[in-house]
Amino acid sequence: MVHFDFQISSGDSEDVDWSDEDEMCSLVSPVAYHVPVITPPTCELSSSGSKISDRFLEMGYPLKVVFRAIEEHGENDEEAILNAILTYLALETLPGEDNHVTSDPHLSDSASTYIEDLSDMNSILESQGQNKYFETMNLLEDMGFSYDEAFAAINRCGCETPIDELVEFIDAANMAKADDLQGLNDIEQLRYGKKQKLDRDERWTYSVKNMQLMIGFGVPNSGMKTVDREIPAAGKGPPYFYYENVAYTPKGVWENMSRFLYEIEPEFVDSMHFSAAARKRGYIHNLPIDGRFPLLPIPPFTIQEALPLTNKWWPKWDQRTKLNCILIRHGSAEDTKKIKEELDKSGPDPPEHVRKYVLEQCRRYNFVWVGKNKVAPLDPDEIEVIMGYSKYHTRGGGISTTARYQCLGNSFQVDTVAYHLSVLKKLFPNGIKVLSLFSGIGGAEVALHKLGIPLKFVVSVESSETCRNILQSWWEQSNQKGKLIHIFDVRDVTLGKLKELMDMTEGFDLVIGGSPCNNLAGRNRYTRDGLYGDQSSLFFDYFRILDLVKKITVYRAYA
């Protein structure tokens, strides 16, 4: 069987993966058949993650022949499609070099739609610049999104839109398709909007390349048994550790992080299973997974439950039940004003194109309804509750509203993290000693406190003075009895400093944190350099510190 794993880009060819170069050249070259080919204008696009038709079109096969083969054999059998294409080319006389094949009765609606997309794409390239288009397309496809998802996002938002906004646009569109879905089979549709045909055993075989389910090793009330897993010997505690970062990253990032963190398999979870907002994150940890339990009381699961005052004004045609991912930005007054103007002009029953525009903006910026035809962004107090914190948690730092948005956008979702950490309650009934790296506003500490696990000793490493002030304020207001030590920078946590801290605490029970994602999937689209970016390379400090703690712990156990 010929295996295709195309990763063609407009740049260097080092990412192209040929399974058998000689076989590929002999089997798939259209030149061998001396037939005229229609080269679509997408031939330079990266095809990682694109639909099967794109792969064959990028190889130069005629549009009509590709879609005829797919119509006959479906989209899942590449070998059958290839054989059919080669057969058609060898035996049939093709209709010259006529590019206008959309009138052919054998072409499906999907073929016609695709051809229309090509025309639309030409307009995009002319208006926004070919290089920017290809660059943005490649970034999205590197993150695992399909060609269709990336194309739709760029078409609607533009090439200049930051990558994180394009990702959230795609997720919002997928979420809209899944708003009314129920049960585990429906959860499986959230990523791509189609059923995943997985056996029960395969359902729990996770990998970095298969993040569709986003329910990790199980979520509350999923109706499925959690997966059994074996932690590699090098990764076992003590201490326990827990690392978090964004789920969608450039290719190879999660594989590398897993390799450094003792080859432990990542657990990918969307916080929409724990709260009223989506938040797709990956976690690498050596915690037990049996006996997990959610925080009580169960938090609101829908927008309407979390923000009941909005129900009065919520139009029936806005079917959202979940908020999109909480980010550091929010819509402007100009955005909300334009929405009101459009709705006021449209009357009580807005036409479809107005509804579509309004819903796109609402999903993009998490706007909620606060009056007749009037939307507004979430305020920090509302975000705090949705993210699992107590109301006014970020006011404790005495900071501006803008700074509160930023702190909350970079924080843990407490209910999600608490579910994973809940297994520690029976292990540390008398209290826990924590090394908290990149602490932020104290999401890990809040989660442990809400679980009823006493915080005996916390060493918090956080560079932001604002975040340190928020954590300190929460520590005092929640009447913690343990000791809290602040350290400014992870690079200050040297071997000598760790020995000093571990003498003071008699060792750490848990090392927890999530290094910055700035160079992975944030607004910093031009320095999205993966783990080796200026900020995201701090992951290696997380690993360095964790590994030193493990070595010191083992040394003292045998000393």
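The values are calculated or read from the model by the stated rules, or taken from the named source; none is laboratory data. In this text the structure is predicted, and so the values were computed from the model without any measurement. SASA here: full protein model, heavy atoms, side chains in, ligands and nucleic acids out. Shrake-Rupley method; radii C 1.70, N 1.55, O 1.52, S 1.80 Å.
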Per residue, accessible area of the stretch 303-387 with a 1.4 Å probe, heavy atoms of protein chains only, in Å², comes to 51 Å²
Taking N as the number of residues in the stretch 309-352, the ratio of its alpha carbon radius of gyration to 2.2 N^0.38 Å works out to 1.36
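With 22 Å as the cut-off, how large is the P(r) tail for the stretch 243-401, expressed as percent of Cα-Cα pairs? Walk me through the intermediate numbers first.
Working: 6762 of 12561 pairs.
Percent of Cα pairs beyond 22 Å in the stretch 243-401: 54.
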Rh (Kirkwood, all Cα-Cα pairs) for the stretch 349-415, Å, reads 13.5 Å
Of every hundred units of 1.4 Å-probe accessible area on the stretch 221-299, the number belonging to carbon and sulfur atoms, as a percent, is 57 percent
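Over the stretch 303-387, calculate the relative contact order: mean separation of alpha carbon pairs under 8 Å at least 6 apart, over the residue count, as a percent.
So the answer I get is 37 percent.
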